[in-house]
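Data block below; observations after.
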There are 2 protein chains.
Amino acid sequence: MRTEERQIFGEYIKSEGLKETAPRNRILNAFLNSEDHVSAEDIYLLVNRGKRKVGFTTVYRTMKLISDCGLAREVMFDDGIARFEHTLGRKHHHHLICTRCRKVIEFTSKTMEDAEQALLKKNEFELQYHKYEIFGLCKACREQVGHK
Amino acid sequence: MRTEERQIFGEYIKSEGLKETAPRNRILNAFLNSEDHVSAEDIYLLVNRGKRKVGFTTVYRTMKLISDCGLAREVMFDDGIARFEHTLGRKHHHHLICTRCRKVIEFTSKTMEDAEQALLKKNEFELQYHKYEIFGLCKACREQVGHK
DNA sequence: AACGAAATTGAAAATCATTTTCAATATATA
DNA sequence: TATATATTGAAAATGATTTTCAATTTCGTT
């Protein structure tokens, strides 16, 4: 399973003159089996549920490789913790983030994309990357907090 | 000058049972005379150009007071450095950020706001705050880098 | 004008996510 | 299989920000 992702990672490793190792494979698997928006700590905990241990340092380093080869994108919300989301075969999106339960909803909007294009042209700005993050309360949390 | 801002700060200080001090006034002045998007370090340097010195700690603490009383908003781009922008009499906006020269252009867009409202309703999400940051190269940097 | 309770200051230490260092270990090519 | 090179992970370093705490300042009250 996840053959395509493994292959991409393997080829990247090879093309960079790096080596395939057990810790790297363990971390890649943990990431591939994770849901979106996992932090380095999340991966560290997932990977170390079993007998053999992997250090924090290796998790950070390997997540960088996984990002560099295009399987993940690092996103930084404003709690100062880097999180990783899957990118293979997914289209670019933005986030609705619940500040109470930390649930993340992804969204895209053609209208917004068009407005952004116009804005870039008007300001003669060359896009590198962008983030649109909307923080608030999700439906479930709104109900629990009593905001109807 | 900046009477209104000073008054707002003074009243906030009083209403919270805090005290007016020289360091606080010096920091407030530095912020009021600064352009937008200054970091704590920027303020620290501005405030300490003269004879009497103010510590880093006090700058951080006072910038928090200035934010709490509504004169500033703390914004966090993704370089991990908190910056402060003026809020009095300014309307909410988003940012185009040049990754080369760090120039910041503010923008607003009715189209995007409307799209956001629709999105919030559709996801039954209650907005707390949001950020739309577009990173890239400004016109000047594009030319210097040779991207026509 | 001085008193004293309460707030403030700032230097140094603590925090916290992440990165670097470096000696010991593992990989893969010849 | 040897050997050069990459990897690992514990511990120390980093860098922005926060906390601690003893010394100092403020301000309402004498």
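The values are calculated or read from the model by the stated rules, or taken from the named source; none is laboratory data. For clarity, every value in this text was computed on a predicted model and none was experimentally measured. Here the Cβ positions follow ideal geometry from the backbone for every residue, glycine too, while neighbour counts run over all protein chains shown.
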So which residues in the range A:21-56 are near DNA strand D (Cβ under 8 Å from one of its atoms) and exposed (fewer than 11 other Cβ atoms within 10 Å of the Cβ)?
A:ALA22, A:ARG52
Quickly run through the range A:88-132 and pick out the residues that are over 14 Å from the mean Cα position of the chain (by Cα) and of a type in the set (Asp, Glu).
A:GLU113, A:ASP114, A:GLU116, A:GLU124, A:GLU126
When residues of the range B:133-148 are filtered for being within 20 Å of the chain's Cα centre (by Cα) and among the aliphatic types (A, V, I, L, M), how many remain?
1
Tabulated pairs, the range A:125-148, first facing another protein chain (nearest Cβ under 7 Å), second surrounded by fewer than 17 Cβ atoms within 10 Å (Cβ to Cβ) and part of a helix (DSSP H, G or I), C-beta under 8 angstrom, 6+ apart or interchain:
A:PHE125/B:LYS139; A:GLU126/A:LEU120; A:LEU127/A:LEU120; A:ILE134/B:LEU120; A:GLY136/B:LEU120; A:LEU137/A:VAL145; A:CYS138/B:ASN123; A:LYS139/B:ASN123
Can you tell which of A:PHE135, A:PHE77 is in the same structural domain as A:VAL59 (by TED's automatic domain parsing) and surrounded by 17 or more Cβ atoms within 10 Å (Cβ to Cβ)?
A:PHE77
Criterion: at pLDDT below 95 and either among the basic types (Lys, Arg) or under 27 Å from B:GLU74 (Cα atoms) (or both) - qualifying residue of A:ARG61, A:ARG102:
A:ARG102
Filtering the range A:102-124 for residues that are assigned to a helix (DSSP H, G or I), surrounded by 16 or more Cβ atoms within 10 Å (Cβ to Cβ) and more than 9 Å from every other protein chain (Cβ to nearest Cβ) leaves a count of 0
I'd like to know if the range A:90-101 contains one or more residues that are surrounded by fewer than 16 Cβ atoms within 10 Å (Cβ to Cβ), under 29 Å from A:GLU5 (Cα atoms) and within 11 Å of chain B (Cβ to nearest Cβ).
no
